[in-house]
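None of the figures in this text is laboratory data; all of them are computed from the coordinates on show. Since we're looking at a predicted model, the values are computed, not measured. Glycine also receives a Cβ, built like all others from the backbone with ideal geometry; neighbour counts cover every protein chain displayed.
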Amino acid sequence: MTQVFDEKGVVCAATIINAGPLTVTQVKTPEKDGYAAVQVGFGTQKESRINKAQTGKPFRFLREFKNDPPAGEGDTVEVSSFTPGDIVTVSAVSKGKGFQGVVKRHRFAGGPRSHGQKNKERAPGSLSGAGRSGGRVVKNMRMAGRMGGDRITVKNLRVLQVDETSNTLLISGAVPGRPGTLVEIRGIGTNA
């Protein structure tokens, strides 16, 4: 992430995204495949790391988007399809945080810091009782466990700058994931 100043001198938090050219590797049609979609490839991969089914497609990532195909096989989708001011939706897999307690995972308040509390400040409290739960822990009880690694979608982010020479986008705000995460950017319109 970085900071960008606009024309009025107002600072805005931004994320730099490498949106290198996507190559259309396959166009799926309802007549042949039963649905309309376009498969695109991004990044480069060594030939030795590609299986036989992907021979001839030396891309690190292959993704499919269900839509009416706007391009033919072999075409490229450039970063120039975005313009500053566009409103986009960004999806990615969030950072994995490992095994976390209930205070961090579910935003529990924890116990009081006084009245004899010694080492139970971040404990979850009572899990079950003899009433409605019948002396058992009910399903979907919010407890400690693995956190992160989920697909997150952030809507209504604004494209601040487009650099066609280095194939980078500057998008306002934060996007999910760590540096190097594959990010899906979908344009939904312009900010008039």
Quiz item: So, with +1 on the Cβ of K and R and -1 on the Cβ of D and E, and no other charges, what is the size of the charge dipole of the range 97-148 about its Cα centre, to the nearest 20 debye?
Solution: 180 debye
Practice problem: State the answer as a single residue: which of G129, I185, S91 lies farthest towards the positive end of the charge dipole of the chain, with beta carbon charges of +1 for Lys and Arg and -1 for Asp and Glu, about the Cα centre. | Solution: G129
Quiz prompt | Per-residue [θ]222 nm for the chain (sum of -39500 (n - 2.57) over DSSP H runs n ≥ 4, rounded to 500) | solution = -500 deg cm²/dmol
Quiz prompt | Residue with peak Gaussian network fluctuation, the chain [Cα springs, cutoff 10 Å], from K104, K32, K57 | solution = K32
Exercise. Would you mind telling me which residue in L62, L170, L182 has the biggest mean-square fluctuation in a Gaussian network model of the chain, where springs connect alpha carbons within a distance under 10 angstrom?
Key: L62
Quiz item: How big is the convex hull of the Cα atoms of the range 25-103, per residue, in Å³?
Solution: 205 Å³
Quiz item: For the range 97-148, what is the largest minus smallest coordinate of the Cα atoms on each principal axis, given in angstrom and ordered from greatest to least?
Solution: 34, 30, 14
Self-check item: Long-range HN-HN contacts of G173 with modeled amide H, under 5 Å
Solution: A13, A14, T15
Quiz item: Got a sec? Charge dipole of the chain, +1 on Cβ for Lys and Arg, -1 for Asp and Glu; which of A14, A174, G41 is way out at the positive end?
Solution: A174
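When only Cα pairs under 8 Å and 6 or more residues apart are kept, what is the percent relative contact order across the chain?
Reported as a whole number, the value is 28 percent.
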Quiz item: Amide H neighbours of G111 under 5 Å, counting only residues 5+ apart in sequence or on other chains, H built in-plane at 1.01 Å?
Solution: R122, A123
Quiz item: log₁₀ I(q)/I(0) of the chain at q = 0.11, 0.18 Å⁻¹, via Debye over equal Cα point scatterers, no solvent, to two decimals?
Solution: -0.74, -1.24
